[in-house]
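Read the structure below first, then the notes.
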Amino acid sequence: MTTRKKPLLHGHLDSLGSFPIPHIGDRRVRLYKPAVKDPTRARPVLILFDGQNAFGDEGSFAGGWHAHRAADKLVPKRVCIAPWLVAVDHGHERRIDELGPWSAGKHGGLTPHLADWLADFLVPYLRSRVPILEGSLGAVLGGSSMGGLAALWTHFARPDAFGGAIAMSPSLWFGGRRIFRDLRERATPQFSRIYMDCGVNEGRGAMHPIAESMAIEIASRAYPMRQLKFVTDRRGTHSERAWKRRMPAALEFMFRHVP
């Protein structure tokens, strides 16, 4: 006799509206509340860059990550805690400016403004809307490509507000790989949990060695295994399809044994 699995319950996606971000402009923000038994329980919040791609396929350029479905799968797991998911839209043609921490030619340089707005306005605002955990992993950042770069950089730039980063296929090449020099000049956060990944086929094979070098450099700061994970995707491409496939494992690593 086979035992049927209980059907996966789905949560609710709410629009929080459009918010003015200094030096950047108005950006839509959405909140996904996973289907949990106790909605009053404090849980971490994961803020995702490139918000158009965070959930379903509609509105995204090449399909969504379905992060909400990945979060729902964490609900029945005792060792993990499903996070609130917050998606912040990018500004289309201004995306590289917003997600590039430094100027590179005519692009980039606005991420510090976005980081401060997320830390000083959005996180406190979210705390007024949903119960968010205090402490190390109360707020975490995530993204892919340029969003992955922005998530990793912002975690090190504002460790007071963000205790971790999910960086899928991060664009570490941006600005002449300046992120390597920048992170060397920054102290290791008091608490830090980082998930990184990259496909071997990305950028015609050029991106994976750079991502692996970053993982090795971060590991050299004496990160324990439960605080740093680097995934090599042997069939991975630089695509929403690949990030959707890897999202469940990224969330499970980040929100397992939350302190």
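Brief remarks on what is shown
- The GLU212 and HIS92 beta-carbon pair, evaluated with R₀ = 22 Å, returns a calculated FRET efficiency of approximately 0.10.
- Note on the chain: helix-only mean residue ellipticity at 222 nm, from DSSP H runs of 4+ residues weighted -39500 (n - 2.57) and normalised by residue number, equals -8500 deg cm²/dmol.
- In summary, the aspartates and glutamates within cross-link reach of LYS244, defined as a Cα separation below 13 angstrom excluding same-chain residues under 8 places away, comprise ASP57, ASP197, ASP233.
- The modelled label-to-label distance for the pair ARG234/LYS37, using points 7 Å beyond Cα in the direction of Cβ, is 4.0 nm.
- Dividing the mean sequence gap of close Cα pairs (under 8 Å, 6+ apart) by how many residues the chain holds gives a relative contact order of 18 percent.
- Near the amide H of ILE132, within less than 5 Å, lie the amide hydrogens of ARG43, all on another chain or at least 5 residues away, with H placed in the peptide plane.
- Considering only GLY51, PHE230, LEU122, and ranking their Cα positions along the charge dipole of the chain that arises from unit charges at the beta-carbon of Lys, Arg, Asp and Glu, the one farthest toward the positive end is PHE230.
- ASP57/ARG127 FRET efficiency (R0 25 Å; Cβ-Cβ; nearest 0.05): 0.25
- Sequence-separation-based contact order of segment 185-259, relative, with Cα cut under 8 Å and 6+ spacing, percent: 41 percent
- The amide H of ARG193, built 1.01 Å from its N in the peptide plane, has GLY164, ALA165 as neighbours under 5 Å, considering only residues 5 or more places off or on other chains.
- Between ARG221 and LEU13, the contour length at 0.36 nm per residue exceeds the Cα-Cα span by 71.1 nm.
- Close amide H partners of GLY199, meaning residues 5 or more places away or on another chain with modelled amide H under 5 Å apart, are ASP233.
- Put a plus charge on the Cβ of each Lys and Arg, a minus charge on the Cβ of each Asp and Glu, and nothing anywhere else: the dipole of the chain about its Cα centre is then about 1040 debye.
- Cross-link reach is defined here as a Cα-Cα straight distance under 14 Å, omitting same-chain residues fewer than 8 places apart; for LYS73 the aspartates and glutamates meeting it are GLU252.
- Mean projected area in nm² (Cα convex hull; one quarter of hull surface) for the chain: 14.4 nm²
- For the chain, the share of DSSP beta bridges that are antiparallel, to the nearest 5, is 40%.
- Rounded to the nearest Hz, the phi-derived 3J(HN,Hα) couplings of segment 172-184 under the Karplus curve 6.51 cos²θ - 1.76 cosθ + 1.60 (θ = phi - 60°) are 5, 6, 4, x, x, 6, 5, 4, 4, 5, 5, 5, 5, where x marks glycine and proline.
- Å³ per residue enclosed by the Cα convex hull of segment 188-236: 64 Å³
- Theoretical gain in end-to-end length, ARG256 to ARG78 [0.36 nm per residue, Cα-Cα removed]: 63.2 nm
- Neighbourhood net charge (12 Å Cβ-Cβ; Lys/Arg +1, Asp/Glu -1) for GLU134: +2
We did not get these values from a lab; they are worked out from the coordinates using the rules stated. The shown structure was predicted, so the numbers you read here are calculated from the model rather than taken from an experiment. Don't worry about glycine lacking a Cβ; one is built from the backbone with ideal geometry, like all the others, and counts go over all protein chains shown.
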